[in-house]
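Only one structure is covered here, and it is reproduced in the block below.
Quick note: the coordinates plus some simple rules give every number you see, no bench work behind them. None of the values given here were measured: they were computed from a predicted structure. When we count neighbours, we look across all protein chains shown, and the Cβ atoms used for this are built from the backbone with ideal geometry, even at glycine.
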Amino acid sequence: MIDPRLLRTDPDNLKRAQTARGESPELIDQLVEADEDRRAAIAHFEALRAHQKELGRDVAKASPETRADLLIQAKELADEVKLAEAGTAVAEERFNELMLLLPNPVPPDVPIGGEDDFVITETIGTPRDFAAEGFTPRDHLELGELLGAIDMERGTKVSGSRFYVLTGVGALLEFALTQYAVARAVEWGYNPMIVPALVKPAAMEGTGFLGQAAQDVYYLPADDLYLVGTSEVALAAYHSDEILDADTLPRRYMGYSPCFRREAGSYGKDTRGIFRVHWFDKVEMFVYCRPEDADAEHHRILDFEKEFIASLGIPFQVLDVAAGDLGLSAARKFDCYGWVPSQGRYREITSTSNCTEFQARRLGIRARFDDGVRPVATINGTACAIPRMIIMILENHQNADGTVTVPKVLRPYLGGRDKLTGAL
């Protein structure tokens, strides 16, 4: 949610941001009108209430001769106040409904366009030349089956399509990645947390996942709870409706949870293997900070992601995501895409978003600053999305015989083994 004052002071910039996202700028005109109606309704109600209080004092002081007429006036005025109060509620509801539709305004330097209009800002590492090594790289599923690490057939039998089972060294690799990600995040100053994977509607709406992303969310109607698609939701709602001490900012958290996504609209895409699945585990970073520090914290998370990926020996690119592909809450987003040898292209493995004050306003998260109480900023970023990182390790570190060389940083978490061979 934006600061409503921007509708009155800078509507043209909001229209520019809408256009950059590929959204209709007419929403801004509707919001300006709704804001004017809302403020007019409030002013009318407050004027009537003031008159009602004044009349009440007159009744109390009136003589018996004039009190009867004043009581009649008071009754008529009470009816007007009720109508005005109802009108104010309607105007407020209309305004709030429109505000929930408005995405976070993007800065002017965010790339314009949609999913394919990103800007590559860095390419780090060089993909292996498997042809020069004398063999054709296998894809992660073939490798996973050879190693007894991934069982798609039984995952589908148990739960349906886009589900899987990690077995043997596959399960050990998940545990190793999780421990490594947690250890590194703690080194970077993130407080570890294990958060619920089920959250209330207010948490989902507050983080912006019941807008454009609603079709991807699993809902349990009997409990009125949602399964999260990322622990960002629980981490953001953790301080909802609180006033924080500004001296405690930034607050950096790292959350671990299972994540659930319908993958609506992805029919026929990435149906092989574990790249696009309905359930996966993820380590997520989240920051509450002063709004003026949000950009620096955003780049700090990106630096962590880059360092983490590079430490695993995975070639990757950093993308500045275009405005039309940001989602509702993000004002800016950087993705890291890792190299997938079997596909001969880079694919998304991490993401970090600067949500400025947008989520904090929706969730009622503020801090007591020197100049008063006002919203904080929130930033989120992937430390490690387990299945996709497993894909990257299997494919980029595979050997001709089907074994996989373990990145050095993971060996302490795998009992010192330097290769995945399928044997425990």
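The GNM of the chain, with springs linking C-alpha atoms under 10 angstrom apart, assigns the highest mean-square fluctuation among 59, 90, 195 to 59. Each residue in 83, 227 was given a count of other beta-carbon atoms within 10 angstrom of its own, and listing them fewest first yields 83, 227. From helices alone, the chain scores -13500 deg cm²/dmol at 222 nm; the rule is -39500 (n - 2.57) for each run of n ≥ 4 DSSP H residues, then divide by the residue total.
Of the residues 56, 114, 211, the one that moves most in a GNM of the chain with alpha-carbon contacts below 10 Å is 56. For the stretch 276-424, the fraction of C-alpha pairs more than 18 angstrom apart is 63%. Could you run the Debye sum over the Cα atoms of the stretch 1-140, one equal point scatterer each and no solvent, and tell me log10 of I(q)/I(0) at q = 0.10, 0.11, 0.18 Å⁻¹, two decimals? Cα-only, vacuum Debye calculation for the stretch 1-140: -0.61, -0.67, -1.01.
Counting every pair of alpha carbons in the chain, the share spaced more than 41 Å apart comes to 28 percent. For the chain, the longest principal axis of the Cα atoms and the long axis of helix 26-61 meet at an angle of about 40 degrees.
A dipole drawn for the chain from +1 and -1 charges on Cβ atoms has a positive end, and of 98, 265, 11 the residue lying farthest that way is 265. When peptides 228-237, 99-108 are sorted by average Cβ neighbour count within 10 Å, with the highest value leading, the order is 228-237, 99-108.
Based on the mean of other beta carbon atoms within 10 Å per residue, what is the order of 275-283, 262-270, most packed first?
Result, highest mean first: 275-283, 262-270.
Taking every Cα-Cα distance in the stretch 250-325 and sorting them into 10 Å bins from zero, the calculated P(r) comes out as 14, 31, 43, 12, 1 percent. If you build a Gaussian network model of the chain, linking Cα atoms that sit under 10 Å apart, which residue out of 98, 31, 312 swings the most? Its mean-square fluctuation being the largest, the pick is 98. Rounded to the nearest whole Hz, the Karplus-based 3J(HN,Hα) values (6.51 cos²θ - 1.76 cosθ + 1.60, θ = phi - 60°) of the stretch 85-93 follow the sequence 5, 5, x, 5, 4, 5, 5, 5, 5, with x at glycine and proline. Between amide H atoms placed 1.01 Å from N, distances below 5 Å from residue 167 occur with 150, 151, all of them 5 or more places distant or on a separate chain. For the stretch 129-136, the Karplus equation 6.51 cos²θ - 1.76 cosθ + 1.60, evaluated at θ = phi - 60°, returns couplings of 9, 5, 4, 5, 7, x, 8, 8 Hz by residue, with Gly and Pro reported as x.
Among the lysines of the chain, pairs that are 8 or more positions apart or on different chains and have alpha carbons within less than 26 Å of each other number 20.
The Kirkwood radius of the stretch 56-208, taken over pairs of alpha-carbon atoms, gives through the Stokes-Einstein law at 4 °C and 1.567 mPa s a diffusion coefficient of 53 µm² s⁻¹.
Near residue 213, no amide H atom lies under 5 Å from its own; only residues 5 or more places off or on other chains count, and H is placed 1.01 Å from N. Between residue 136 and residue 264, how high is the FRET efficiency from 1/(1 + (r/R0)^6) when r is the Cβ-Cβ distance and R₀ = 35 Å? Nearest 0.05. Using R0 = 35 Å, I get an efficiency of 0.55.
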